[in-house]
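Here is the structure we will look at, set down as structure tokens.
The values are calculated or read from the model by the stated rules, or taken from the named source; none is laboratory data. Computed from a prediction, not measured in an experiment: that's the story for all the values here. When we count neighbours, we look across all protein chains shown, and the Cβ atoms used for this are built from the backbone with ideal geometry, even at glycine. Heads up: the accessible areas ignore ligands, DNA and RNA and are worked out on the full protein's heavy atoms, side chains in. Shrake-Rupley method; radii C 1.70, N 1.55, O 1.52, S 1.80 Å.
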Amino acid sequence: MTRLSVNINKFATLRNARGGNNPDVVKVALDCERFGAQGITVHPRPDERHIRYNDVIELSKVVTTEFNIEGYPDERYMELVKKVKPAQATLVPDAPDVITSNAGWDTVKNETFLKEIISELKKEGIRASIFVDPVQKMVEGAAKVGTDRIELYTEAYARGYHSNKEAAIAPYLKAADLAKNLNLGLNAGHDLDLDNLSYLKESITYLDEVSIGHALICDAIYYGLENIIQLYLRQLGHYR
Ligand SMILES: CC(=O)[C@@H](O)[C@H](O)COP(=O)(O)O
Ligand SMILES: NCC(=O)COP(=O)(O)O
């Protein structure tokens, strides 16, 4: 069964917009778990515009499902994961100033670097996953650097899904088959949502995990809207 890891970055974006601690990301993580999430994902970025490094430390004390920390493996990231020892570290090749993740690793060019980082993670007992585009050469390169899993970067799939879902999934099927043959675990993420998720899952039956943040949190706000307006109207005495 494919596991759902909820990326809680955007809750932190909302908190940071006002200062203070609403919403409380620790409570959010615990509630996500209570409501069935099988993992919690965070992606601290150097500018700490959403999840902060200290949040990650506090979350690590309470998360009981799979804790997954994404990020570019610079010194600060490596220090953090070594301290926190999450179940999984997902390495993403983001430059510090990107709005969101926008590419997978070039596993060929970065072979030596990735090998070193992954061996450091393994020494700490942390499962390594690396973010890759659905490109055969990059998946082969991922196997060579010793990662336990890859995470397929699904932005292109999500973008193509509505116009031609068969074409959009095609490179992912090939990459997933190759990953399976190379004994790599398989995760997927980025821009997955209520429309495109089930077709991905039906098509790639041995998907270990998806991590979903942006759309899930937008949906939580939107699907909660009717209920919350009623609750506020009740406070104003409209239903007495
Ligand atoms: C690795 C990936 O595809 C996304 O997790 C990304 O981590 C989301 O990060 P932002 O929340 O900063 O957009
Ligand atoms: N690894 C993908 C992730 O954690 C969430 O990506 P998104 O759903 O916010 O695009």
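Quick look at the values:
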| item | result |
| --- | --- |
| Residues that are crowded, with 17+ Cβ neighbours inside 10 Å and either over 14 Å from N68 (Cα atoms) or in contact with a Pro (Cβ under 6 Å, 6 or more places away or on another chain) (or both), drawn from segment 2-29 | T2, K10, F11, A12, R15, V25, V28 |
| Residue within segment 160-171 that is farther than 17 Å from S101 by Cβ, touching a Ser or Thr at 6+ places or on another chain (Cβ under 8 Å) and touching a residue at least 40 places away in the same chain (Cβ under 8 Å) present | no |
| Positions within segment 194-240 being more than 26 Å from N9 (Cα to Cα) and under 28 Å from the mean Cα position of the chain (by Cα), in sequence order | E202, S203, I204, T205, Y206 |
| Long-range neighbours under 8 Å by Cβ, at least six apart or interchain, first residue at negative phi within segment 8-24, second charged (D, E, K, R) and within 16 Å of ligand 2 (Cβ to nearest atom) | A12/D55; T13/R49; N16/R49 |
| The one condition in (1) assigned to a loop (DSSP other than H, G, I, E, B); (2) out of contact with any His (no Cβ under 9 Å at 6 or more places or on another chain) that K83 fails to fulfil | (1) |
| Close pairs (7 angstrom Cβ cut-off, 6 or more residues apart or separate chains): over 30 Å from H43 (Cα atoms) in segment 213-237, assigned to a helix (DSSP H, G or I) anywhere | none |
| Verdict on P73 being more than 23 Å from D24 (Cα to Cα), open to solvent by less than 10 Å² (accessible area, probe 1.4 Å) and within 16 Å of ligand 1 (Cβ to nearest atom) | yes |
| Residue satisfying condition, being open to solvent by 10 Å² or more (accessible area, probe 1.4 Å) and within 16 Å of ligand 2 (Cβ to nearest atom), within set E155, E166, E124, E79 | E155 |
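Matching residues to (1) more than 14 Å from ligand 1 (Cβ to nearest atom); (2) part of a helix (DSSP H, G or I); (3) within 18 Å of S129 (Cβ to Cβ):
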position: T147; (1), (2), (3): yes, no, yes
position: E151; (1), (2), (3): no, no, yes
position: I169; (1), (2), (3): yes, yes, no
position: K174; (1), (2), (3): yes, yes, no
position: L178; (1), (2), (3): yes, yes, yes
position: N187; (1), (2), (3): no, no, yes
position: D193; (1), (2), (3): no, no, no
position: Y199; (1), (2), (3): yes, yes, no
